[in-house]
Amino acid sequence: MDVLIIGAGYAGLTLGALLARKGYQVLILEKRERIGGRAGGERDEPGFYWEYGQHSHRLAEEGPAYQVFQFLGEKIEFLAGEYPPMVYYQGGLYPRPGSILSIIQSKMFSGWEKFSVAKLMIGLIRANPNDWYGKSVWEFSQEKISSPERIKNFLDLLCFTIMVPKAEFCSAGELIDFMKKALRAKRKVGTPKGGSEQTLKKLEQIIKTNGEIHTNEEVKAISVKNGQVLGVETANNFYKSKAVVFTAPLDQLLSLLPLDLLPENLINYAKNLEHTASLMLYLISDEPIAKMGLIMGAGVPLWAHFPTVEDRSLAPKGKHFAVFCWMLERGKSQDSAHLQEAEKNLRSAIAQMFPGYQAKVLSEKKVFVPLQNGALLKPGQARPFRPSPEAVKIKGLFLAGDTTNGQGVSGDIAFSSALKAYQAVLSYLSD
Ligand SMILES: Cc1cc2nc3c(=O)[nH]c(=O)nc-3n(C[C@H](O)[C@H](O)[C@H](O)COP(=O)(O)OP(=O)(O)OC[C@H]3O[C@@H](n4cnc5c(N)ncnc54)[C@H](O)[C@@H]3O)c2cc1C
């Protein structure tokens, strides 16, 4: 075996496909019964495709996922994105401003606020992200504009575009990097036709040309001798491999190896890793609850989308569903009182946005998501502080996934880290 990959999420599958295309023999071991990890979904008997995770790709044709597919000689087919993104702000819905001009035209801001917001945006676009990865957007705003507290909701909204709900703990470097790319991009976001099923199937097909994926097979230990990886152990097998790549969130690596084999800074990073967690409500109806693009909350950690309006393949004929998500406060995902409060807030926000929506709802699904984004993009977990593929310092053992050093946000990190790991593995195997 050339390369054994632990985990069949986007990072593991992308890496597997890249290596298989290059002619290497790969085996992916996945502990769950299905592939996709946090991007996975399933189609039920009536014909709904439930995506329990990643649904869209930032920067569409210019983003890391699309670029990886191009590298593989494939394409992601995106929906046209007919409906504009919206903002939920102080109880109302507004078109989301995506340029300086649209900020000036937006009814969300007063005259003074427009001036501050525009000044801040110009400051962000002009800044060098490398100077700001270790500082927060709040610190950036204090330096660049007067009275940033007067546009605090807008600052939180900007941070929420990279899935950090508050400016106080959002890495300014990450936001600057994203904003620069987003303002230049032709499309800010692309949603795959047919959901993640499309992308996952394409990756799976490529892997199967020169490799295998075993689901329901959990890696229990990574075997290392004299600083060199030998392979991995599962409940019933030992797999010998020239290289092993771990792609799940890094806190989960610590149980697979004796800790004295790992560098201290990596252990500290993994032990203190901060994920995001959410509460999701899927509302099923005969007609759409709304026809609009992604809604993001300004000052409230809410997002929502209506996938079946544009993509009829995700629901049986005549049925629709809407997805509403409330991101939980840091460190409170295990607190049942906080979960109850989050649900109450989410339901009241839905009622405010869409009065009378309940009359349309036929049934609902409530899902607690303990791990949404592997790394919250706070200053200490911004890109330069996340481990590179070779950070374990064991020959033949590499890292990828959305808690490691890849570009972008959430799923983008999984794709771009897989590309980095691919280069590291290639160079190792060719030595
Ligand atoms: C509700 C939700 C919405 C999201 N929306 C978006 C979005 O719109 N855009 C975006 O970019 N991102 C989004 N994300 C984030 C995105 O889904 C993740 O960043 C991405 O899927 C992470 O991929 P990964 O391969 O790094 O990790 P994972 O998907 O976690 O994959 C790791 C895999 O490893 C397996 N594994 C772990 N330990 C072992 C072991 N010992 N042996 C074998 N297998 C193991 C796991 O079961 C898992 O399948 C969303 C996430 C959620 C939950």
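Quick note: the coordinates plus some simple rules give every number you see, no bench work behind them. Since the structure is predicted, the reported quantities are computational estimates derived from the model, not experimental observations. Positions of Cβ are backbone-derived with ideal geometry, glycine not excepted, and every protein chain shown enters the neighbour counts.
Cross-link partners among lysines for residue 291, C-alpha distance below 22 Å, same-chain residues fewer than 8 apart left out?
107, 188, 193, 317, 319, 360, 365, 366
Let me make sure I get this right: for region 134-275, a, b and c are the square roots of the gyration tensor eigenvalues over alpha carbons, sorted descending. Under 1.5 in a/c it's rounded, otherwise prolate if a/b > b/c, else oblate. Which is it? Intermediate values should be presented prior to the final figure.
Details: a/c = 3.32, a/b = 1.65, b/c = 2.02.
Oblate shape, in that a/c is at least 1.5 and b/c is the bigger or equal ratio.
Once phi is turned into ³J(HN,Hα) by the Karplus curve 6.51 cos²θ - 1.76 cosθ + 1.60 with θ = phi - 60°, what whole-Hz value does each residue of region 361-366 show in order, with x for glycine and proline?
Coupling constants for region 361-366: 6, 8, 7, 9, 10, 10 Hz.
Taking 0.36 nm per residue of separation and subtracting the Cα-Cα distance, what length does fully extending residue 368 through residue 186 add? The partial results should precede the final answer.
Numbers: separation 182, 0.36 × 182 = 65.52 nm, distance 3.41 nm.
Fully extending the segment from residue 368 to residue 186 adds 62.1 nm.
A 25 angstrom limit on the alpha carbon distance is what I want to check against. Which of 119/420; 144/378; 144/166 exceed it? Can you show the working numbers first?
Working: 119/420 36 Å; 144/378 20 Å; 144/166 18 Å.
Violating the 25 Å Cα-Cα cut-off are 119/420.
Give the value in nm², to one decimal: projected area of the alpha carbon convex hull of the chain, averaged over all directions.
20.8 nm²
List the cysteines in the chain whose Cβ has no other cysteine Cβ under 4.7 Å from it.
Lacking a cysteine Cβ partner under 4.7 Å: 325.
Any idea what the alpha-carbon Rg over 2.2 N^0.38 Å comes to for region 96-184?
So the Cα radius of gyration is 0.97 times the expected 2.2 N^0.38 Å.
For helix 172-184, what angle does its Cα long axis make with the longest principal axis of the chain, in degrees from 0 to 90 and rounded to 10?
Between helix and principal axis, roughly 80 degrees.
Using the alpha-carbon centroid of each, what span in Å lies between region 171-209 and region 102-136?
25 Å
Treating cross-link reach as a plain straight distance, find the aspartates and glutamates whose alpha-carbon is under 16 Å from the alpha-carbon of residue 332, omitting any fewer than eight places away in the same chain.
274, 341, 343
If you filter region 133-237 for trypsin sites (Lys or Arg not before Pro), then keep DSSP loop positions with at most 10 other Cβ within 10 Å, what is left? Before the final figure, lay out each step's value.
On the way: sites: 135, 144, 150, 152, 166, 180, 181, 184, 186, 187, 188, 193, 201, 202, 208, 220, 225; in loops: 135, 166, 186, 187, 188, 193.
Sites meeting the loop and neighbour criteria: 186.
Give the distance, in whole Å, between the Cα centre of region 237-276 and the Cα centre of region 356-371.
Each part's Cα centre sits 36 Å from the other's.
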